[in-house]
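Engineer: For reference, the structure I am asking about is given below.
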Amino acid sequence: QVQLVESGGGLVQPGGSLRLSCAASGITFKFYAMGWYRQAPGKQRESVATITSGDSTNYAEAVKGQFTISRDNAKNTVYLEMNSLKPKETAVYYCNTNLMGRSFWGQGTKVTVSS
């Protein structure tokens with residue numbers, strides 16, 4: 001069974017940084033692309049960043065140069081380093097992967113950017 005478990009969220013001041021982690025199990029992690037999404041209150045879930053099995057990355061325009069996605073195949077973990085955070089980036093951040101046409105999600109980790 002595929003399981004994704006996010007961690008690292010919390011309260012951070014504007015301009016601060018956080019690093020999110022997503023630990024995967026039930027898949028041969030190194031073979032799969034992984035993604036981070038976020039859903040702000042009252043808004044639709046949106047893609048933030050993705051990383052392929054070959055370490056190619058893609059970012060939403062809004063976070064280019066601000067967020068960095070990376071992966072550690074030895075730890076079956078994908079990370080999202082977030083810098084210069086803004087209040088509008090307050091959201092629940094989710095980890096995602098797709099396996100045999102099915103999409104899997106973690107439970108999410110809440111990030112609150114506020115002074």
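The values are calculated or read from the model by the stated rules, or taken from the named source; none is laboratory data. It should be emphasised that the depicted structure is a prediction, and the values quoted were computed from it without experimental measurement. Please note: Cβ atoms are built from the backbone with ideal geometry, for glycine as well, and neighbour counts cover all protein chains shown. Ligands, DNA and RNA are stripped out before the accessible areas are found, and what is left, the full protein with its side chains, is counted by its heavy atoms. Shrake-Rupley method; radii C 1.70, N 1.55, O 1.52, S 1.80 Å.
Engineer: Could you check region 16-115 for strands (runs of 3 or more DSSP E) lying wholly inside it with 2 or more residues that are closer than 25 Å to Gln1 by Cβ? Before the answer, list the steps.
Structural biologist: Details: elements: 18-25, 34-39, 46-51, 57-59, 67-72, 77-82, 91-99, 102-105, 109-113.
Once the strands (runs of 3 or more DSSP E) in region 16-115 are filtered for at least 2 residues that are closer than 25 Å to Gln1 by Cβ, what remains is 18-25, 34-39, 46-51, 67-72, 77-82, 91-99, 102-105, 109-113.
Engineer: Inside region 19-37, can you point out the residues that are open to solvent by 30 Å² or more (accessible area, probe 1.4 Å) and either free of Cβ contacts under 8 Å to residues at least 24 places away in the same chain or on the phi < 0 side of the Ramachandran plot (or both)?
Structural biologist: Going through region 19-37, the residues open to solvent by 30 Å² or more (accessible area, probe 1.4 Å) turn out to be 19, 23, 25-26, 28, 30-33, 37.
Answer for region 19-37, where residues must be open to solvent by 30 Å² or more (accessible area, probe 1.4 Å) and either free of Cβ contacts under 8 Å to residues at least 24 places away in the same chain or on the phi < 0 side of the Ramachandran plot (or both): Arg19, Ala23, Ser25, Thr28, Lys30, Phe31, Tyr32, Ala33, Tyr37.
Engineer: Being aliphatic (A, V, I, L, M), farther than 20 Å from Ala23 by Cα and in contact (Cβ under 8 Å) with a residue 60 or more places away in the chain is the filter; apply it to region 58-115 and report the residue that is surrounded by the fewest Cβ atoms within 10 Å (Cβ to Cβ).
Structural biologist: Let us first name the residues in region 58-115 that are aliphatic (A, V, I, L, M), namely 60, 62-63, 69, 74, 78, 80, 82, 85, 91-92, 99-100, 111, 113.
Next, only the ones that are farther than 20 Å from Ala23 by Cα stay: 60, 62-63, 85, 113.
Checking which are in contact (Cβ under 8 Å) with a residue 60 or more places away in the chain leaves us with 85, 113.
On the way: Leu85: 21, Val113: 19.
This residue is Val113.
Engineer: Okay, moving on. Restricting the search to region 40-52, which residues are of a type outside the set (Asp, Glu) and open to solvent by 60 Å² or more (accessible area, probe 1.4 Å)? Break it down into steps so the answer makes sense when it comes.
Structural biologist: Kept after step one, since they are of a type outside the set (Asp, Glu), are these residues of region 40-52: 40-45, 47-52.
Selection gives Pro41, Gly42, Lys43, Gln44, Arg45.
Engineer: Does Glu6 meet the test of being open to solvent by 50 Å² or more (accessible area, probe 1.4 Å), in contact with a Ser or Thr (Cβ under 8 Å, 6 or more places away or on another chain) and charged (D, E, K, R)? Walk me through how you get there before you give the answer.
Structural biologist: Values: open to solvent by 50 Å² or more (accessible area, probe 1.4 Å): no; in contact with a Ser or Thr (Cβ under 8 Å, 6 or more places away or on another chain): yes; charged (D, E, K, R): yes.
It is false that Glu6 is open to solvent by 50 Å² or more (accessible area, probe 1.4 Å), in contact with a Ser or Thr (Cβ under 8 Å, 6 or more places away or on another chain) and charged (D, E, K, R).
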